[in-house]
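Step one of this worksheet: look at the structure below.
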Amino acid sequence: MSLAALQQEYLPLIETGMRDFLDAQSFGSSTLLKEMLAYHLGWMDGSRGKRIRPLITLLCTGALGAPAKNALPAAISIEFLHNFTLIHDDIEDQSPTRHGRPTVWQKWGQAQAINAGDALFSIAQLAMLDLARTCSKDTAAEAANLLNQTCLHLMRGQYLDMAFESAGEIELETYLEMIEGKTAALLACSAAVAGLIADRKRAINNLSDFGNNLGMAFQIKDDILGIWGNPDLTGKSTASDLHSKKKTLPILYGLKHSTDFRTLWAEDDLSSAQIESMAEILSAGGAKEYAGTLAETYTIRSRQTLTELAHDPAARNDHADALLELSEMLLDREV
């Protein structure tokens, strides 16, 4: 069975599971709060995310030989948690839109958006504990512990990301620590929790490494796209990260190694010609090559750990093949 076939089977299960779990919660007179969550999750106009993280959880569980549907509570928990971070990120970044429409804080104000994000955080915890129904109470407790460790990792990454805005020099290693928390940690959790659900604890570290390396490679490639990507494919303006002065990996490399780049970076109201010049300086100075090489390093590591899993006799099945296909799709984006 191909990735497309399993997506066709599992994505509706994820969506229905999330809706049913949200409907099962009591909101009393706070019906608008539930409406805010439904809006953010894309259930009012179809502006929803790709649900990659919960799909990874289901595929990893199936790859380990366990019924993938046993992992549905964990899958929807992780997606709820992911969306909690998005609501709070939009507030902290003052982002007016997501998926081409107003963000929650833009529609209902920052204070109520914080409440909406906190509600999703709590719902994510409750959903993970629902593994007691499909697995066991011990599995649910271990998975909840993993989820909360991941939450702390996420918050450390978010703290560093915000701290970078006003920081002077940022070491490249510190940036990697930030994206490991902000981007890679939840992907690592999405994969690792399958080891608990399938009662294959020896596979947990391998699964976590797969998810972590996948997240690192994905984010660094996104950094490359933010400067040199095709606007028709990315949906962003050319060199969008230079326009917004976002401190991504290639930009931090340029700030550390190029006087000419630092001079232009210090100026306000940069023209299109200056932005183009900055991108050329970064490329000529080795920033693009450095980021590309590092992304490839993480890509190789991700593929190696996943290949080891796929070569496990207990994991030679359609789910393992689909997981390989999904990782290739995420890692082989055109830059």
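Neighbour counts of C-beta atoms inside 10 Å place Met44, Met36 in the sequence Met44, Met36, starting with the fewest. Fully extending the segment from Ser30 to Lys69, taken as 0.36 nm per residue of separation minus the present Cα-Cα distance, adds 10.9 nm. Rounded to two decimals, the Cα radius of gyration of the chain over 2.2 N^0.38 Å is 1.02. Taking the C-alpha atoms only, the angle from helix 31-40 to the longest principal axis of the chain is near 60 degrees. With the charge dipole of region 3-331 set up from +1 on Lys and Arg Cβ and -1 on Asp and Glu Cβ about the Cα centre, the Cα lying farthest toward the positive end among the listed residues Ala198, Ala322, Ser77 is that of Ala198.
Computed FRET efficiency, Cβ-Cβ of Asn205 and Leu152, R0 22 Å: what is it to the nearest 0.05? Please report the intermediate quantities before stating the final value.
Details: r = 19 Å, r/R0 = 0.85.
E between Asn205 and Leu152, to the nearest 0.05, is 0.75.
Rank these for me by crowding, Ser302, Ser244, Ser277, Ser258, going from fewest to most other beta carbons within 10 Å. Let's see the in-between values first.
Values: Ser302 25, Ser244 13, Ser277 16, Ser258 19.
Listed from fewest to most nearby Cβ atoms, that is Ser244, Ser277, Ser258, Ser302.
Against the chain, whose longest principal axis is taken from its Cα atoms, helix 110-129 shows a tilt of about 40°. Model label points for Ser166 and Ser136, set 7 angstrom from Cα along the Cα-to-Cβ axis, are 5.0 nm apart.
Using alpha-carbon pairs under 8 Å, 6+ residues apart, how would you state the relative contact order of region 147-202 in percent? Mind dumping the intermediate values first?
Numbers: 31 pairs, mean separation 24.8, N = 56.
Answer for region 147-202 is 44 percent.
The alpha-carbon of Lys34 sits under 19 angstrom from the alpha-carbons of these lysines, leaving out residues fewer than 8 places away in its chain: Lys107.
I need the calculated FRET efficiency for the pair Thr293 and Gln125, taking r as the beta carbon distance and R₀ as 41 Å, to the nearest 0.05.
Details: r = 39 Å, r/R0 = 0.96.
With R0 = 41 Å, the Cβ-Cβ based efficiency is 0.55.
For the pairs Lys182/Lys246; Lys69/Lys221; Lys50/Lys256; Lys245/Lys288, flag any whose C-alpha to C-alpha distance is greater than 25 Å. From the list (Lys182/Lys246; Lys69/Lys221; Lys50/Lys256; Lys245/Lys288), the Cα-Cα distance tops 25 Å for Lys69/Lys221; Lys50/Lys256.
Helix 52-63 and the longest principal axis of the C-alpha atoms of the chain enclose an angle of approximately 50°.
Each of Tyr298, Tyr290 has some number of other Cβ atoms within 10 Å of its Cβ, and from fewest to most they run Tyr290, Tyr298. Per-residue ellipticity at 222 nm computed for the chain from its helices equals -23000 deg cm²/dmol, with DSSP H segments shorter than 4 residues left out and the rest contributing -39,500 (n - 2.57). Sequence-distant contacts, meaning Cα pairs under 8 Å at least 6 residues apart, place the relative contact order of region 3-331 at 18 percent.
Only the coordinates and a few stated rules stand behind these numbers; no lab work does. Please read all numbers here as calculations on a predicted model, not as lab measurements. Cβ sites come from the backbone with ideal geometry, for glycine too, and all protein chains shown count toward neighbours.
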